[in-house]
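This report concerns only the one structure given below.
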Amino acid sequence: MRDDLNTSTIHIKNGRLIDPKNGVDAQSDLFIVAGRIAAIGQAPANFTPTRTLDASGCIVCPGLVDLSTRLPGLESELSAAVAGGVTAVACPPDTKPPLDEPGLVERMIRRSDALGLARVYPIGALTQQLAGEKLAEMASLTRAGCIAFSQAKQPIFDTQVLLRAMQYAATYGYAIRLQPQDHYLARDGVAHDGEVASRLGLAGIPVCAETVAIAIACLLAKETGVRLHLARLSSAAGVALVREAKRNGLKVTCDVSIHHLHLSEVDIGYFDSLARFDPPLRSGSDRDALRAAAADGLAAVCSDHTPVDEDGKLLPFAEALVGASGLELLLPLTLKWAEEAKLPLLTALARVTCDPADILGIAAGSLAVGRPADICIFDPNEPWRLTPECLRSQGKNTPFMGYEMTGRVRTTLVEGRVVFEI
């Protein structure tokens, strides 16, 4: 415990408290003692605040939990996280070098803890060097702090290796995360295999690249009983397969990126490299299916934060680096989706708080008494224009640059410490 937590007492007053995990949406005060939520509504006995935060006109909710955050610069990206109200991030293993050794994992956790910003939960490499051949030392990586295992975007060509990985993980209770995309069906593709790619002369990635991979993963998960998370679904057909797998009793979860809830293949426009993603933006009907999956709770929502330098996006579309910065946009884009889909905030915020926390198996995403005081206070109605200067992330790459946003984080707390405020 940090020394400053022993005497820290905070009173958050006049806010609208939204706690999706516990079904709370009410005007109520919140009280923090020693880094944890001590009471809601009425102050605990002998409570004297060392600081009072006035949340008038604001929503007080659990800190956001992001299922996929790449961290090319640890301090810059974690600063971006807390500026976006994100208090916990899962880091994929495709770092440089990959997270396949306990020492690398321990170093990442040690450095992130020293910064005192958002919490970092490393996802370990499923295979050594992410080469898809020899299994990584999952037990050692778990002891070092990994909470699940993944290949990130790297394929496993040998299905027997994947089967053995799932058998091992199931035996010891480890979770496996896969981004479902068949390497050979997607090879050389850069956009959705549809009308826009045909018109622009871009190599396409068919939907079956996703569905074939989902089918294989689900069959192996059924065989082994492993806990399986399918990351970044992009298609209606993929959503349908996951629904079927859940109906059949498989321990499978999934997520979609916030960009795929808003954008489709038409947003590529005239070779706009800022709209190049992996998986690609697909058709409008695919986007609608992803929205439905998030709305009804089948899928959690993540930022898929992938900051790249400007030069990486100035290349021709087919050569440009994939991905977008999303940590600081996750909340306003979630609010925009909720408004467009006419969803209650309680439902929409669940997809970026308690749902991803449950998937990761971490103590986050809740404002229950006794839980760590990881909290986001935001003004849901404040308008602002997205400019490069707004982003603390190293990457300014986003197709939403210049857009008017609504909803702004005012204060972020991690373990009862104010780590961001404006």
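The values are calculated or read from the model by the stated rules, or taken from the named source; none is laboratory data. All figures in this text were calculated on a predicted structure; none of them were measured in a lab. So basically every Cβ, Gly included, is an ideal-geometry build from the backbone, and we count neighbours across all protein chains shown. The area values use the complete protein model at the heavy-atom level, side chains included, leaving out ligands, DNA and RNA. Shrake-Rupley method; radii C 1.70, N 1.55, O 1.52, S 1.80 Å.
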Could you say whether any residue in region 154-175 is in a strand (DSSP E or B), open to solvent by less than 10 Å² (accessible area, probe 1.4 Å) and not charged (D, E, K, R)? no
Can you tell me which residue among Leu346, Leu330, Leu335 is assigned to a helix (DSSP H, G or I) and buried (at least 24 other Cβ atoms within 10 Å of the Cβ)? Leu330
Is it true that Leu349 is more than 16 Å from the chain's Cα centre (by Cα), farther than 20 Å from Lys251 by Cα and modelled with pLDDT of 95 or more? no
Could you grab the pairs with beta carbons closer than 8 Å, sequence gap of 6+ or different chains, first residue in region 227-254 and closer than 22 Å to Ser68 by Cα, second one open to solvent by 60 Å² or more (accessible area, probe 1.4 Å) and among the small types (Gly, Ala, Ser)? Ala236/Ser285
Within region 23-33, track down each residue that is out of contact with any Asp or Glu (no Cβ under 9 Å at 6 or more places or on another chain) and either of a type in the set (Val, Ile, Thr) or crowded, with 16+ Cβ neighbours inside 10 Å (or both). Val24, Ser28, Asp29, Leu30, Phe31, Ile32, Val33
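Output the residue which, of all residues in region 19-72 that are polar (S, T, N, Q) and in a strand (DSSP E or B), is farthest from Pro344 (Cα to Cα).
Top of the filtered list is Thr52.
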Can you list residue pairs whose Cβ atoms sit under 6 Å apart, with the first residue in region 382-397 being among the small types (Gly, Ala, Ser) and the second being part of a loop (DSSP other than H, G, I, E, B)? Count only pairs 6 or more apart in sequence or on different chains. Ser393/Pro307; Ser393/Ser325; Gly395/Pro307; Gly395/Val308; Gly395/Ser325
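Within region 176-190, how many residues are open to solvent by less than 50 Å² (accessible area, probe 1.4 Å) and among the polar types (S, T, N, Q)? It would help to see each step written out before you state the result.
Pass one, region 176-190, residues open to solvent by less than 50 Å² (accessible area, probe 1.4 Å): 176-180, 182, 186, 189-190.
Adding the requirement that they be among the polar types (S, T, N, Q) leaves 179.
Number of matching residues: 1.
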Give the number of residues within region 366-396 that are open to solvent by less than 10 Å² (accessible area, probe 1.4 Å) and under 18 Å from Ile258 (Cα atoms). 3
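Here is a yes/no grid of residues against (1) in a loop (DSSP other than H, G, I, E, B); (2) out of contact with any Leu (no Cβ under 6 Å at 6 or more places or on another chain); (3) over 26 Å from Leu230 (Cβ atoms):
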{"position": "Thr87", "(1), (2), (3)": "no, yes, no"}
{"position": "Lys96", "(1), (2), (3)": "yes, yes, no"}
{"position": "Gly103", "(1), (2), (3)": "no, yes, yes"}
{"position": "Arg111", "(1), (2), (3)": "no, no, yes"}
{"position": "Ala114", "(1), (2), (3)": "no, yes, yes"}
{"position": "Leu117", "(1), (2), (3)": "yes, no, yes"}
